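Note sheet for the following structure.
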Amino acid sequence: MNDLALSRLAEAAASPAPSGRRRRRALAYLQAAPLAFVFLVFLVVPLVLTGIVSLWEYNEYAIVPALTLQNYADVFDGCLSADLCTTVRTYLSTLKFVALTLAITLPLGFAIAYFLAFHIRSNTVRMGLFLLCTIPFWTSNVIRMISWIPLLGRNGLVNDTLRGLGLIREPIEGLLYSDFAVVLAFVHLDTVFMIVPIFNSLARIDRRLIEAARDCGASGAQTLWNVVLPLAKPGIAIGAIFVVTLVMGDFVTVGVMGGQQIASVGKVIQVQMAYLQFPAAAANAMVLLAAVLLMILGLTRMIDLRRVL
């Protein structure tokens with residue numbers, strides 16, 4: 001009995017007092033309060049307001065704060081028929097850009113991140129090359145897109161060079177104001193969002209695992225497939241989330257590089273905003289948010305983000 005009493009006394013002495021636990025808990029809430037306030041003001045409140053406006057009626061002259069589901073019915077108007085409705089065709093066009101951008105930025109971003117993480121020994125050189133990848137962010141997105149026009153135009157540098165070399169006789173029309181130009185601009189703008197999280201995952205890999213795989217006779221391809229790629233899945237998933245969210249909501253790139261001729265979900269919302277159809281634009285925005293969240297949910301099934309972050 002004496003031993004039991006001594007052990008209970010030791011446990012009581014080792015465990016913090018209730019007042020100490022409450023103080024630490026209050027301190028934790030206090031530390032999280034600024035971020036929670038920013039999250040509430042700049043994310044939750046705008047989303048709630050957008051959801052409310054999406055339920056309002058409107059006409060050519062005014063917005064009427066009366067609840068209605070007509071805006072959502074207009075979004076999916078004709079989608080139950082045999083032919084594809086406008087909304088479905090627009091989402092298919094946008095998803096095409098998402099798929100093509102992911103198909104290019106993923107291998108490109110992984111290759112650059114792999115080179116920086118495993119083939120650059122000097123931290124100074126690695127940091128310099130890493131900062132080099134961020135140079136495009138030193139200028140505006142619009143300026144970066146406009147810089148492609150003198151290159152890809154009908155009388156641009158690419159067409160003039162190909163004609164000068166005798167490879168073509170007539171200018172290639174599909175270089176600018178086409179799907180190719182839009183995807184090229186997306187790759188230019190979004191590859192860095194794939195590089196950064198993948199590089200972060202690769203930098204955390206214990207090099208002894210790779211050495212152990214080589215000692216066991218694994219080839220370079222086997223080590224990459226069985227060791228590196230599974231450990232890089234968090235970075236790949238996070239990078240894919242970045243690219244998906246950026247491409248799905250983008251309307252500037254599609255408008256500038258597509259010559260205002262290519263449809264996308266973001267472009268539809270931008271046009272509705274320009275014509276002051278705010279409830280319709282809000283309904284489209286809520287549908288877009290739901291679609292993006294479903295895509296993110298599918299990507300997060302690859303990893304446990306809470307454990308990774």
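The values are calculated or read from the model by the stated rules, or taken from the named source; none is laboratory data. Quick caveat, the model's predicted, so the values are computed rather than measured. A quick note on method: Cβ atoms are made from the backbone with ideal geometry, for glycine too, and the neighbour counts reach across all protein chains shown.
A few remarks follow.
- Verdict on Phe180 being within 23 Å of Ser93 (Cβ to Cβ), touching a residue at least 60 places away in the same chain (Cβ under 8 Å) and surrounded by 13 or more Cβ atoms within 10 Å (Cβ to Cβ): no
- Only one entry of Ile205, Ile198 meets the criterion of being among the aliphatic types (A, V, I, L, M) and assigned to a helix (DSSP H, G or I), and that entry is Ile198.
- Segment 241-253 residues that are free of Cβ contacts under 8 Å to residues at least 12 places away in the same chain, paired with ones that are among the aromatic types (Phe, Trp, Tyr) and not in a helix (DSSP H, G or I) (beta carbon under 9 Å, 6 or more apart): none
- Index of the failed condition, Leu167 passing every other in (1) surrounded by fewer than 15 Cβ atoms within 10 Å (Cβ to Cβ); (2) part of a helix (DSSP H, G or I); (3) aliphatic (A, V, I, L, M): (2)
- Residue match in segment 233-256 (condition: over 25 Å from Leu132 (Cα atoms) and in a loop (DSSP other than H, G, I, E, B)): yes
- For the residues Gly249, Gly239, Gly255, Gly259, the requirement of being at positive phi and out of contact with any strand residue (DSSP E or B) (no Cβ under 6 Å at 6 or more places or on another chain) singles out Gly259.
- Filter result for Asp160 (touching a residue at least 12 places away in the same chain (Cβ under 8 Å), among the acidic types (Asp, Glu) and out of contact with any Lys or Arg (no Cβ under 7 Å at 6 or more places or on another chain)): no
- Residue that is surrounded by the most Cβ atoms within 10 Å (Cβ to Cβ), among those in segment 214-266 that are out of contact with any helix residue (DSSP H, G or I) (no Cβ under 8 Å at 6 or more places or on another chain) and over 22 Å from Leu202 (Cα atoms): Gly259
- Residues of segment 254-270 satisfying the condition of being touching a residue at least 40 places away in the same chain (Cβ under 8 Å) and small (Gly, Ala, Ser): Gly258, Gly259, Ala263, Ser264, Gly266
- Residues of segment 257-281 that turn out to be within 21 Å of the chain's Cα centre (by Cα) and part of a helix (DSSP H, G or I), as a count: 7
- In segment 202-213, the residues that are closer than 18 Å to Pro234 by Cβ reach residues that are outside any loop (DSSP other than H, G, I, E, B) and aliphatic (A, V, I, L, M) with C-beta atoms within less than 7 angstrom, at least six apart or across chains, in these pairs: Leu202/Ala113; Leu202/Ala117; Leu202/Ala232; Ala203/Ala117; Ile205/Val228; Ile205/Leu231; Leu209/Val227; Ile210/Val227.
- Verdict on Asp190 being part of a helix (DSSP H, G or I), free of Cβ contacts under 8 Å to residues at least 40 places away in the same chain, closer than 22 Å to Gly258 by Cα and not small (Gly, Ala, Ser): no
- Selection count, segment 107-129, where residues are touching a residue at least 60 places away in the same chain (Cβ under 8 Å) and within 25 Å of Thr253 (Cα to Cα): 4
- Some residue of segment 81-91 being under 19 Å from Leu289 (Cα atoms), modelled with pLDDT of 90 or more and out of contact with any Lys or Arg (no Cβ under 9 Å at 6 or more places or on another chain): yes
- The set of residues in segment 161-192 that are within 17 Å of Leu131 (Cα to Cα) and touching a Ser or Thr at 6+ places or on another chain (Cβ under 8 Å) comprises Leu189, Asp190, Thr191, Val192.
- Sub-9 Å Cβ pairs linking a first residue in segment 271-298 that is more than 22 Å from Leu92 (Cβ to Cβ) and in contact (Cβ under 8 Å) with a residue 40 or more places away in the chain to a second residue that is in a helix (DSSP H, G or I) and aliphatic (A, V, I, L, M), at least 6 apart or interchain, are Gln277/Val271; Phe278/Val53; Pro279/Val53; Ala282/Leu49; Ala282/Ile52; Ala282/Val53; Ala282/Ile269, ordered by first then second residue.
- Test result for Phe97, over 30 Å from Arg204 (Cα atoms), hydrophobic (A, V, I, L, M, F, W, C) and surrounded by 15 or more Cβ atoms within 10 Å (Cβ to Cβ): yes
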